[in-house]
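The values are calculated or read from the model by the stated rules, or taken from the named source; none is laboratory data. Everything quoted here is computed from the prediction, not taken from an experiment. With ideal geometry, Cβ positions are generated from the backbone for all residues, glycine too; neighbour counts draw on all protein chains shown. To get the accessible areas, we keep the full protein, side chains included, count just its heavy atoms, and leave off ligands, DNA and RNA. Shrake-Rupley method; radii C 1.70, N 1.55, O 1.52, S 1.80 Å.
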Amino acid sequence: MLASVVAILIGAVIAAVLGFNPLAAYGALVTGAFGTSMALSSTLAGAVPLALAGLGVAVAFRAGLFNIGAEGQYWIGVIVAVWLGYHLTGLPGWLHTLVCVVGATLAGGLWGGVIPGLAKAYRGAHEVITTMMMSYIAIYFGQYLIAAGGPMHAPGYNAQSPQIVKDAWLTVLLPPQLTTAVFFAIGAALVVWWGTFHTTVGFRLRAVGANPHAARYAGISVPVYTVLALGLSGMLAGLAGGVQVLALDHRLMWGFNTGYGYTAIVVALMARNHPFGVLLAALFFSALSTGGQNMQMVSQLPSSLTDVLTGLIVFFVAAERIVPLTIAWYRRRRGARAQVASAREGGR
Amino acid sequence: MASFLEVIDVRKYFPGVKANDGVNLDVRAGEVHAILGENGAGKSTLMKLISGLYQPDGGEIRLEGRRVQFDSPRDAIRAGIGMVHQHFMLIPALSVADNIVLGDEPGGIRYDRREAVRRVRALSEKYRLSVDPEARVARLSVGLQQRVEILKVLYRRARLLILDEPTAVLTPQEAEELFEVVRHLKAQGIPILFISHKLDEVRAIADRVTVMRAGRTVDTLPTADASPQELANLMVGREVVLRVEKPEQRAGDVVLSVENLSVSDADRRPRVRGVSLAVRAGEILGIAGVDGNGQTELVDAIAGLIPVSGGRITFLGEDVTALPPGERTHRGIAYVPQDRQRDGLVLDFTLVENTMLRDVAHPPFSRRGLLQHRAARAHTEKLLEAFDVRPRDPDRKAGDLSGGNQQKVILAREVSREPSLLIAVQPTRGLDVGAIEGIHRQLLRLRQAGKAILLVSLELDEILSLSDRIAVMHHGQVVDIVPGDTATREQIGLLMTGTRSSESEVAQPSNR
Amino acid sequence: MSVLTNPQLWASTLAMTVPLALPAIGGTFSERAGVVNIAMEGIMLIGAFFGVAFSYWTGSPWLGLVLGVLMGGLLAAIFAWAAIRLAADQVVLGMAVNIFASGLTAFLLNTLFGYGGTPPETPSLPFVSLPGLGPVFAHQSVLLYVMLAIVVISHWFLFHTRLGLRIRAVGENPLAADTAGLNVWRLRYIGVIVGGMLSALGGVYLSIGILNSFDVDMTNGRGFIALAAMIFGKWTPVGSFLASLLFGFATALGVALQGQGVSPDLLSMIPYVLTILALAGLVGRSTPPAADGIPYTPIR
């Protein structure tokens, strides 16, 4: 929280230095995010994939693992949902949706769990690198599928897949964007919360994350829970992709590199891995993004300022030791003024 | 002879621990001076103070009569203090020569590798420490790595050589070679400070010896005049053993039996070599020994945490050698690990969660995979009450508790599972007297209740006051098993050095 | 197979190697000193943007280069301070730098140059043709030759100078280095900042080396391919260069084969697949420096 406040203040200073009115700009940002029903619809809709993927990243963090590749798992989820979405026909709408969502979830889980999970558990390969590499592989795989000549390429000039059968689309609740997808996000947060704090599996997963040595001594298999955590994490990111494509794009296409998987990491960090915190953080960053567009239109302040703010927030979250260090530095300065620095001062 | 290094009334405190509390030392030019003391007596802290890794909280250090203050290892090196750490400070990925010259490399901007190799070769010939300067350190045996450490120190023109537990990791042959080196260095006029907890090697190599106990130096005397018995007594202290009232108890059936068990570490070095022992219901079997003689590996193997390389473990009449640790837990083996903060508890978890840690898959903690918070909390409350844990608040994080209360939580958890066998490793390490007494009472209560208890401790007092039988380990083997009520401190102390009780005098150097 | 004998393929392979090899070597410096660096992407963007900006403002592409590299070094210094002094999580910090740099360069592009992009009259660095070496070395950016020199110099620096030895020592075992009297923190700062400047140079190449403009997120993930190249090159400058060459070749081949039935996207996966295999020990084991990513706090 403190991190965001500091970041927002720094953003205001940057804007002011460049000759913009920071108050007006931030005002436009807030209005753009929540001011109208359209804005609210976009903000809530944008928060859904962030929340789902953010829950995934948080689950991995709980087990002491850094899933930096949620983006790739997200796209694998999209790919599988779309494939199921236009290949299967004749299913009742609700069942079709369900099949797509489950397929996306499982695919994301396998993508995150199998290779990075096993490589980490049995070969010691760092999951930061492997999940990141798997993420790029997924993105190129998706591009290959829809490029001209690719197996999922829809006839026509654009690099895109055919559309998902309309029956499987999620229902719009508040135009233009908010769909029943929002229930998936809330539901997933509840399930993750319940699973983390009320099941033996969640308990062991947390134990492995909090102290793998003690977990091992207590008879918990650390490798098994490593694979499991990365798999669950991938499942949620895959679910994010599946739900999002059923709600909005309805087909696999590029052009807009969404980056939900990356922002999801920021969301999880800011929420300190609590499932309900993830919902709030997702809303915050989604608002930043949709509000940023309005800010650019109203005050001419580029929306990319919101990325600057995000970067600063992450920096301050990581560098939390800055606070005690600043206090210590201030005390030392005061102490030094009050008395001559003693010989013991060298202790770093 | 003139004093080379003097340590006068030095103190170093860490939160809750007086690691050094009044240490006096006087190393003279040209002598081999040993510091003898049990684990935790404060030897390593003293060495870190002398070598500049720590700064003292009181007292002073003098070098050739002048007071010195080291703010960093760099200062100490510059003053001529050469420290060979117990855990080698080497970089395995680099060559021998690279490691030795690091920090004072030959050459200008360019690193003159050939000159470094030449200098190292010359140095190793001068001090008869042969080692290939171009070999990668990762490929060297431990004995050779130690040579590299010594060369590193000599390269910096050390005028005092400190060896911190140098034989702890060596084979007997390597240790003998090291002693040769030490004698040779002494002949070249370099004073040597030799830290050890092994009586025999101190007597073999040192001119004078200073004994430390509980953070203080007790006495300094010439080795020639000191009998092993006298040194052992100084080392372990002469206070009256707090003999706990131990009710008569007839040992029951064999609960655990270990036959010819062998365990190797990750580097395939044998740590436990053919150990056989049995623990019966209603008895406490104490395992005594100097730290690092295979006790931890033995009990870890019994608990299933590390694989065995040979032998059999039978528990309640069934062979459990191949079972996973969780299954052994479930069958009734409880374990109180040595490092309670690292292995025993999850410090960020509440007491309820820590109580659940081992048996979370079983009632009352869970039913069909679902946690039973209320039942777990009630259970924890009961345990906190029964074991007098303070604060009696199940929602506290384990990290907020004092060491004694943390240990009570672990013990409560393990004992409440109604195990048939309790393994306790150093259960009272670092605790205050009151807490120690409480833990001891609990162990005796379990004994009374007919449980089998395997107690590993480095504290002789603890072993002597609690054990029905005492197995003494040395170099991965059980030297002897003696009855607890007739055992004396002196007898156990000698066994710990690898000497059978029938032999009255230490005849040969330790065979480690 | 006529594709393989076409000098154009090899010329573009070299051209695509430069913006991978420079940040890969930069990352090598940082990680050899023990600081995990996934911030190459962001630092490249900073280098690219300020390279163009200063080139335009001063009229000299060389000043643009120097100032672009210095700005990259500045960002790396802030990263280093948080990673070393504050012992912050280096992966999270790297992400922060990437997001921040992406946002800041886009933001400054729009506020300083408007929405139309950087001015077309921005001067760019010269192209050089080496006579007698045929079409492969014809009309290549001067930075290609600088990069080749940097490969050699970096190798020499890390493995044949005293400072290089010390930097490697700090990345392997900072405690041992500390007891040998080295200043662990200072050496780590050097590694990270030099590495950042090399990454920024890679960005400068993209903006005023082969073009004369800056575009939002123009690095397009090269910082991460460079990360893969660094790992696949086993944390050495020459290895990083060779891996970058291989990855550059895969990209160039993809472009050359466009429309011939081979998917460039599948070729683009090669770097990432190879890196995972290398990390898992299936294609020659890549082991990072022993103390990579672990902050060091001296106890006194």
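Since only C:F232, C:G221, C:M269 are under comparison, the one whose Cα sits farthest along the positive direction of the charge dipole of region C:2-279, derived from C-beta charges on Lys, Arg, Asp and Glu, is C:F232. All other residues whose Cβ lies under 14 angstrom from that of B:V336 are scored, Lys and Arg at +1 and Asp and Glu at -1, for a net of +3. Pairwise Cα distances in region A:42-300 exceed 28 Å in 32 percent of cases.
For the listed residue pairs B:K43/B:K408; A:K120/C:K234; B:K18/B:K43; B:K12/B:K48; B:K397/B:K451; B:K152/B:K198, the alpha carbons are over 22 angstrom apart in B:K43/B:K408; B:K397/B:K451; B:K152/B:K198.
About its Cα centre, region B:3-236 has a charge dipole of approximately 700 debye under the convention of +1 per Lys or Arg Cβ and -1 per Asp or Glu Cβ, with nothing else charged. When shorter helices are ignored and each DSSP H run of at least 4 residues is given -39500 (n - 2.57), the per-residue value for the protein assembly as shown at 222 nm works out to -16500 deg cm²/dmol.
Counting only other chain Cβ atoms within 10 Å of each residue's Cβ, the peptide B:106-112 averages 4. Annotation for the C:A interface, with buried accessible surface near 4000 Å², both sides summed [1.4 Å probe; non-protein components not counted]. Once the gyration tensor of the Cα atoms in chain C is diagonalised, the equivalent ellipsoid follows with semi-axes of 31, 24, 18 Å, ordered largest first. Along the axis of the charge dipole computed for chain A (Cβ charges of +1 for Lys and Arg, -1 for Asp and Glu, origin at the Cα centre), the listed residues A:M270, A:Q300, A:M253 are led at the positive end by A:M270.
Orientation-averaged projection of region C:50-205 equals 11.8 nm² [convex hull of Cα atoms, one quarter of hull surface area].
Which three semi-axes in whole Å describe the equivalent ellipsoid of region C:169-300, each the square root of 5 times a Cα gyration tensor eigenvalue, listed largest first? Walk me through the numbers before you get to the answer.
On the way: eigenvalues 234, 81, 20 Å².
Rounded to whole Å, the semi-axes are 34, 20, 10.
At a threshold of 20 Å², the residues of region A:120-139 that become less accessible to a 1.4 Å probe in the full protein assembly than in their chain on its own are A:R123, A:A125, A:V128, A:I129, A:T130, A:M132, A:M133, A:Y136, A:I137.
Grab the beta carbon distance between B:Q69 and B:S3, set R0 = 22 Å, and tell me the FRET efficiency rounded to 0.05. Let's see the in-between values first.
Values: r = 18 Å, r/R0 = 0.81.
Efficiency, rounded to the nearest 0.05: 0.75.
Each DSSP beta bridge with both residues in the protein assembly as shown is either parallel or antiparallel, and the antiparallel ones are about 60%. Of the three principal axes defined by the Cα atoms of region B:149-292, the extents in descending order read 62, 41, 23 Å. Each listed q (0.20, 0.22, 0.27 Å⁻¹) maps to a log10 I(q)/I(0) for region B:1-75, found by the Debye formula over equal Cα scatterers with no solvent: -0.87, -1.04, -1.40.
I'd like the FRET efficiency for A:Y330 and B:A322, computed as 1/(1 + (r/R0)^6) with the beta carbon distance as r and R0 of 45 Å, rounded to 0.05. Write down the numbers at each step before the final one.
Numbers: r = 60 Å, r/R0 = 1.33.
Computed FRET efficiency for A:Y330 and B:A322 comes out at 0.15.
C:G171 sits among other residues whose Cβ lies under 12 Å from its own Cβ, and their net charge, with Lys and Arg +1 and Asp and Glu -1, is +1. For region B:347-389, a Kirkwood hydrodynamic radius built from all Cα pairs, placed in the Stokes-Einstein relation at 37 °C and 0.692 mPa s, yields a translational diffusion coefficient of 315 µm²/s. Note on region A:276-321: the alpha carbon radius of gyration divided by the globular reference 2.2 N^0.38 Å gives 1.29. Ranking B:A226, C:G103, A:A188 by Cα position along the charge dipole of the protein assembly as shown, where only Lys, Arg, Asp and Glu carry charges on their C-beta atoms, puts C:G103 farthest toward the positive end.
Roughly how many percent of the accessible protein surface of the protein assembly as shown is carbon and sulfur, given a 1.4 Å probe and a whole-percent answer? Walk me through the numbers before you get to the answer.
Working: 26890 of 46050 Å².
For the protein assembly as shown, the apolar C and S fraction of the accessible surface comes to 58 percent.
Peptide C:162-172 has a mean of 5 when you count, residue by residue, the C-beta atoms of other protein chains within 10 Å of its C-beta. Scattering from region A:1-153 was approximated by placing one identical point on each alpha carbon and applying the Debye formula without solvent; log10 I(q)/I(0) at 0.12 1/Å stands at -0.76.
Heavy-atom accessible surface of the protein assembly as shown, averaged per residue, reaches 40 Å², computed with a 1.4 Å probe. Here the simple spin-label model places points 7 Å from the Cα toward Cβ, and for B:K126 and B:Q341 these points are separated by 4.3 nm.
Here the peptides B:485-497, B:73-85, B:134-146, C:203-215 are ranked by packing, the mean other Cβ count within 10 Å, and the order with the highest first is C:203-215, B:73-85, B:485-497, B:134-146. The Cα atoms of region B:3-236 define a convex hull whose projected area, averaged across directions, is 12.8 nm².
Given in Å, the Rg to one decimal and the Dmax to the nearest whole number for the Cα atoms of chain B are 25.0, 76.
For the protein assembly as shown, the fraction of alpha-carbon pairs lying more than 39 Å apart is 57 percent, rounded to a whole number. Diffusion coefficient (Stokes-Einstein, Kirkwood radius over C-alpha pairs, 20 °C, 1.002 mPa s) for region A:110-253: 121 µm²/s, rounded to a whole number.
Which whole number gives the average count of other chain Cβ atoms within 10 Å of the Cβ atoms across peptide B:91-99? Present the calculation step by step, with values, prior to reporting the outcome.
Working: counts 14, 4, 8, 6, 0, 0, 0, 3, 4.
Across B:91-99, the average partner-chain Cβ count within 10 Å equals 4.
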